[in-house]
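Before any comments, here is the structure.
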Amino acid sequence: MDRIKKYLSLNQIIHAYLLPLTGFIILIDYFFLFRDHFHVLQYDSLDVYARAKLNIEEYGAMRLSGNLTRINDPLTRNLLIIGIVVGLVVFIHSCFIKRPAFIALLFIFGCALPFLSSMSDSVGGGSNVISRVLIGILMLITATGCYFYFITISGDTSGVK
C-alpha cells in the first residue's frame, strides 16, 4: 500500500505524470488538426497573377483552413492554454524540489509559440501560423521526450527528496 501511495502522491503526479500526459494529448490533438484542416495550395508557379492572388510570397503554399495567422480550432487553443498552465505548475514545482526546470520552460514556450505574433514587417498581419505550429510541435516532442527520460527513466521518481 505504501508503494501505491508513493506513486500516486500529489508530488509524484505533478512531477512524473502531468507534463508528459498533457504533451501527448496536445500532440494527438495536433495530429487531428493537421488531418482535418491542413492543405497545400495548387497553383501555377509561373503565373504571377495566381501567385499574387493567393498571396504565396507572404503566407506560403501550406496552410491551415480559416484565418492564416492564428489557430481557429477551439479545442487546440484550449489545450495549448492548459499546456501553458501545466508547464507553469511543473516549473514552479521543479524549482522547489530541485528538479530540471528547463524542460518545463521548453514545454511552456512550445505551447505559447502558436499564440505569438509573427515577426513579419507586412501590414497584412504577418506570416502564416503553420511555421510557428511546426516549431511548437518540435518543442513539445523534445520537452515531452526529455521529461520522460530525465524524470521517469532515470529512476528519480521518488517525488520529494
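The values are calculated or read from the model by the stated rules, or taken from the named source; none is laboratory data. This structure is a prediction, so every number in the text was calculated from the model and none was measured. Every residue, glycine as well, gets a Cβ built from its backbone with ideal geometry; the counts of neighbours run over all protein chains shown.
Would a scan of segment 35-51 turn up a residue that is at pLDDT 80 or above and within 14 Å of Cys111 (Cα to Cα)? Looking for residues that are at pLDDT 80 or above and within 14 Å of Cys111 (Cα to Cα), one finds none in segment 35-51, hence no.
The rows are residues; the columns are (1) β-branched (Val, Ile, Thr); (2) modelled with pLDDT of 70 or more; (3) in contact with a strand residue (DSSP E or B) (Cβ under 9 Å, 6 or more places away or on another chain); (4) within 23 Å of Leu116 (Cβ to Cβ).
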position: Met1; (1), (2), (3), (4): no, no, no, no
position: Leu18; (1), (2), (3), (4): no, yes, no, no
position: Phe31; (1), (2), (3), (4): no, yes, no, yes
position: Gly60; (1), (2), (3), (4): no, no, no, yes
position: Leu80; (1), (2), (3), (4): no, yes, no, yes
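When segment 9-44 is filtered for residues that are aromatic (Phe, Trp, Tyr) and closer than 16 Å to Arg132 by Cα, the ones remaining, listed by number, are Tyr30, Phe31, Phe34, Phe38. The numbered conditions (1) loosely packed, with under 14 Cβ neighbours inside 10 Å; (2) modelled with pLDDT of 80 or more; (3) farther than 26 Å from Arg35 by Cβ are all true for Pro74 except (3).
Scanning segment 100-112 for residues that are in a loop (DSSP other than H, G, I, E, B) and at pLDDT 80 or above yields a single hit, Ala101. Summed over segment 81-99, residues that are surrounded by 14 or more Cβ atoms within 10 Å (Cβ to Cβ) and part of a loop (DSSP other than H, G, I, E, B) total 1. Of the residues that make up segment 127-147, is at least one at pLDDT below 80, under 21 Å from Leu19 (Cα atoms) and of a type outside the set (Asp, Glu)? Checked against the condition, which is being at pLDDT below 80, under 21 Å from Leu19 (Cα atoms) and of a type outside the set (Asp, Glu), segment 127-147 yields at least one hit. In the set (1) under 30 Å from Ile14 (Cβ atoms); (2) at pLDDT below 80, Leu54 fails one condition alone, (1).
Taking segment 113-126, which residues are in contact with a Gly (Cβ under 9 Å, 6 or more places away or on another chain) and at pLDDT 85 or above?
As a first pass, look at segment 113-126 and keep what is in contact with a Gly (Cβ under 9 Å, 6 or more places away or on another chain): 113-114, 117-120.
Selection gives Leu113, Pro114.
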